[in-house]
Each structure stands twice: as C-alpha cells, then as structure tokens.
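Here is the structure we will look at.
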Amino acid sequence: MPLLYFLPPLGAVLIWSGNMTINQLTVGAIAPSSIAFLRWMLALLVLTPFVAPAAWQHRATLRREWPKLAVLGLLGMGLWQGLAYVAAETTSATNMGILAAMVPLLTVLLSALILREPPSLGGVTGGLLALIGVTVLLGRGNPLSLLELTVAKGDALMLVAATCYALYGVMLKRWPMGLPPWVVLYAQVVFAVLLLLPPYLMGPMTPVDAGNLGLILYAGIPASIITTFLWMLAIRQIGASQASIFINLMPLFSALIAMLTLGERIALFHLLGGALVLGGVIMAQTLTRPLLRPASVGSPSDADRSC
C-alpha cells in the first residue's frame, strides 16, 4: 500500500487534534453557543455553491429521509462539538484528546447494542481496560475520588460528547440512504445550523472580531470541511477499519499541540490513563474474534456426508 495513502487520515487526525487546542482558545474569546453555530454557518456558506445543485437533484430522497438527517446533524455536529466547547471551559486540551480517543471503542460497544453485531474478545477486554484508564483520568490519578463525585464537569461533558459522536457513526451505518457522501454531509450541516440557531439567539451572542475570527475560520473550514474530505478519501483508499486506527494518535497529537501552544503540562495520570485508553482501543480494533462462537449447523456426520 503506498505511503501516500496514509497522509489523508493522518492529516485529518492532526487537524482534529489541533481543534482541541482551538476549543481551549475559545474560552473567554467567544461563547460556546456562538462558535458552535458560526462554524457550521460558515461551513454551510462555503459548501452551498458546490453541493447545493447535487442536493437539489436528490431532493425527493432528502424529503423522505430528513428526520434521520436531522438526528445525525444533532449528534455529529450539534452535540459533539457543542458539548466540546462547553467542556473546554473546565478541562484541558490533553484530557479532551484522550477522551475523544474513546470514540472508536464506544462505536464498537454501541454497534453491539444497536446493530446486534456480536461482541469481540477485544471489544470486551479492551473496553474494561479503557474504562480503567478513563477512571484514572477523570479521578486525576485517584479513581476512588469518583465515589465522591469529584469529576470535573468538562471531563464528564467530553465523555458525553464522545458517546454522541460514536452513536452518530453507528446510526450513519444503520441508516443507509442512497445519497452521495457530500450531499449527506451538506444536509446534516443544514440541520446542524437550524438546531444550533436557537441557542445562538438566546445568547450570549459574541460579536465576531479580530480576537475570535481565526478560531471560527479554523473550526469552520479545516476542522469541518477539509477533515471530512480527507476522512472520506482515507476510507476510500485504505478502508474504514484501518482509517479509524489513526484516531488513536489523537491523545498524542493533542498533548503535543497543547504543550507547544498552551503550555499545558503532562502529569503522570495523563500518561497512565492515556496509555490504558489507547491500549483498550487498540485491543478493540485488532482482537476482532467473536467472544462467543456461533453454534454450528448440522452434526459431524452431516458435514462428512456433504463432502
């Protein structure tokens, strides 16, 4: 496989990791409800000249599938990023990167529940390992502190956000709609803008200025449009399973970017919790053998006679 095929997923994960730092920079510069709406409004304005004609051609399908597209827009764009902006107010970019890396594992678990996909050995053991890692991270190195309900609000919100995005991926798989990928994305962006408009109007409505314009541009174009293009290209070239493995690099990239730009320091509990989460995610993606073997049909004598 050409090494160039690994550049799209690597670039997408790098941009996503940078967006964790952008989330931190928004604190005090722009309200979460404002940037959550404005980034997707910007993405909609950029996409419309290129994708609207194709969307019009598929208007009959869009009219039929709009409830599903609205749910996907809410999960994948409204709640995933909206909650992340709120979480940034009370947690670090490093923590956000580690918790975002839970998405592949949560996707495996939700697929077993919703899509009835049989759980794998890696999904169960990796899930337990990652859960221990999350308790170390949320408890700041002392998992027993969770019994006292001392979890940082931002960490809890980021975990909910990661669950929403994992559910988004599962429902996207469950609801095939026969639409081109860019049209599906465009429709979701339209619904995300509509759903995020009320919180934006209820305020506080932060005015766009020189201090936050760059944050909106990064979130609206590289982190929304370019990453989508790179991820779709990656899936086409190397497949969804191999592409998702690159998400495991997000904690590392997020921590390095946060150290260089925000001056965040890495504590021992970051390393321990991150390693456990990363190990659990890798186990879930590589140990894919079903935990329970399906019952064989027919007796050995039947199989012998059929040979």
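The values are calculated or read from the model by the stated rules, or taken from the named source; none is laboratory data. Note that the structure is predicted; figures quoted are calculated from it, not measured. Positions of Cβ are backbone-derived with ideal geometry, glycine not excepted, and every protein chain shown enters the neighbour counts.
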query: From the residues in the range 168-190 that are of a type in the set (Gly, Ala, Ser) and in a helix (DSSP H, G or I), which one is surrounded by the most Cβ atoms within 10 Å (Cβ to Cβ)?
result: ALA187
- request: Return a yes/no flag: does the range 292-302 have any residue that is part of a helix (DSSP H, G or I) and either within 23 Å of LEU106 (Cα to Cα) or at pLDDT 75 or above (or both).
  value: no
- request: Answer yes if at least one residue in the range 1-18 is in a helix (DSSP H, G or I), over 30 Å from LEU278 (Cβ atoms) and modelled with pLDDT of 85 or more, and no otherwise.
  value: no
- prompt: Which of the residues spanning the range 183-226 are of a type outside the set (A, V, I, L, M), farther than 12 Å from ALA43 by Cβ and in contact with a helix residue (DSSP H, G or I) (Cβ under 8 Å, 6 or more places away or on another chain)?
  reply: PHE191, PRO199, TYR200, GLY203, PRO204, THR206, ASN212
message: Cβ-Cβ distance below 8 Å, separation of 6 or more or different chains: which pairs start in the range 252-270 with a residue that is in contact (Cβ under 8 Å) with a residue 40 or more places away in the chain and within 15 Å of ASN19 (Cβ to Cβ) and end on one that is assigned to a loop (DSSP other than H, G, I, E, B) and among the β-branched types (Val, Ile, Thr)?
response: ALA255/ILE266
Those residues of the range 97-120 which are in a loop (DSSP other than H, G, I, E, B) and either of a type in the set (Asp, Glu) or touching a residue at least 40 places away in the same chain (Cβ under 8 Å) (or both), in sequence order: ALA101, MET102, LEU115, GLU117, PRO118, PRO119
query: Is it true that some residue in the range 21-42 is surrounded by fewer than 23 Cβ atoms within 10 Å (Cβ to Cβ), at pLDDT 90 or above and among the β-branched types (Val, Ile, Thr)?
result: no
- prompt: In the range 86-96, which residues are surrounded by fewer than 24 Cβ atoms within 10 Å (Cβ to Cβ) and in a helix (DSSP H, G or I)?
  reply: VAL86
query: Quick one: what pairs do we get from the range 37-60, first residue closer than 27 Å to ASN212 by Cα, second of a type in the set (Phe, Trp, Tyr), C-beta under 6 Å, 6+ apart or different chains?
result: PHE37/TYR200; LEU47/TYR186
field: Restricting the range 61-72 to residues that are free of Cβ contacts under 8 Å to residues at least 40 places away in the same chain and more than 25 Å from the chain's Cα centre (by Cα), the residue that is nearest to LEU194 (Cα to Cα)
entry: ARG63
task: Give the residues of the range 170-187 that are touching a residue at least 60 places away in the same chain (Cβ under 8 Å) and farther than 14 Å from THR48 by Cβ, sorted by residue number.
output: VAL170, MET171, LEU172, LYS173, ARG174, TRP175, MET177, GLY178, LEU179, PRO180, VAL184
- prompt: Among the residues of the range 204-213, is there at least one that is surrounded by fewer than 19 Cβ atoms within 10 Å (Cβ to Cβ), on the phi > 0 side of the Ramachandran plot and in a loop (DSSP other than H, G, I, E, B)?
  reply: no
